[in-house]
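All remarks here apply to the structure that follows.
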């Protein structure tokens with residue numbers, strides 16, 4: 001299995017809602033990532049987990065809360081988002097830091 | 001912080017023409033990766049270059065890593081409509097685990 005899966009594919013939420021994005025991989029990768037991508041821009045790193053521990057937080061606002069329940073799963077909890085948070089949220093995994101990253105299909109988030 | 005600059009931002013070619021995108025860093029890179037993102041899709045890993053002066057080929061795609069390990073290029077020979085998409089280079093960031101993506105080059109191919 002060489003896939004990274006993400007759910008949901010699309011999400012529309014209001015600014016007062018709480019929602020979660022989910023990511024799963026079964027490649028035995030020990031590094032997992034959350035990226036945010038705006039249209040016509042490169043992926044922008046948000047968080048990195050290594051061996052289920054948060055190792056990098058790129059000064060992301062606290063309305064985004066990551067969680068790594070186990071080595072295969074990565075969640076991103078969303079609360080009180082702003083319209084400018086609308087973007088494609090990509091999850092990725094890699095065997096370790098120096099290896100290629102496998103990206104999931106992303107969740108396209110719209111905040112109204 | 002470390003930045004990876006990529007040019008051009010856009011390239012429009014006629015099918016059959018060649019295409020090249022360039023990636024430059026102000027600092028030496030331990031490695032560089034290339035990804036392709038189709039319209040509406042997600043980045044897909046193409047290749048990783050590690051050695052100074054390294055050249056790797058994948059069918060019509062040729063990847064080079066500069067001797068000083070500060071620049072890299074991706075060249076596509078005889079483009080096809082299936083080559084459309086945005087090509088990103090990515091270098092390792094200042095912190096382990098952090099990749100810095102170039103701004104990408106978006107390729108369109110006119111049949």
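With a requirement of 2 or more residues that are farther than 21 Å from residue B:47 by Cα and away from chain B (no Cβ under 14 Å), the strands (runs of 3 or more DSSP E) lying completely within chain A that satisfy it span A:10-13, A:18-25, A:64-70, A:73-79, A:107-111. Only one of the numbered conditions (1) within 16 Å of residue B:22 (Cα to Cα); (2) within 14 Å of the chain's Cα centre (by Cα); (3) touching a residue at least 24 places away in the same chain (Cβ under 8 Å) is not met by residue B:68, and that is (2).
Within the stretch B:9-40, being closer than 17 Å to residue B:101 by Cα and loosely packed, with under 14 Cβ neighbours inside 10 Å holds for B:9, B:10, B:26, B:27, B:28, B:30, B:38. Considering the stretch B:71-95, and only residues there that are in a loop (DSSP other than H, G, I, E, B) and at pLDDT 95 or above, the residue that is farthest from the other protein chains (Cβ to nearest Cβ) turns out to be B:78. When the stretch A:72-97 is filtered for residues that are farther than 19 Å from residue A:3 by Cα and crowded, with 16+ Cβ neighbours inside 10 Å, the ones remaining, listed by number, are A:78, A:81, A:85, A:86, A:87. Per the conditions (1) over 11 Å from the mean Cα position of the chain (by Cα); (2) within 14 Å of chain A (Cβ to nearest Cβ); (3) crowded, with 17+ Cβ neighbours inside 10 Å; (4) over 20 Å from residue A:97 (Cβ atoms), the sole criterion not satisfied by residue B:98 is (4).
The values are calculated or read from the model by the stated rules, or taken from the named source; none is laboratory data. What you see is a predicted model; the values in this text were computed from it and never measured. FYI the Cβ positions are ideal-geometry reconstructions off the backbone, even for glycines, and counts take in every protein chain you see.
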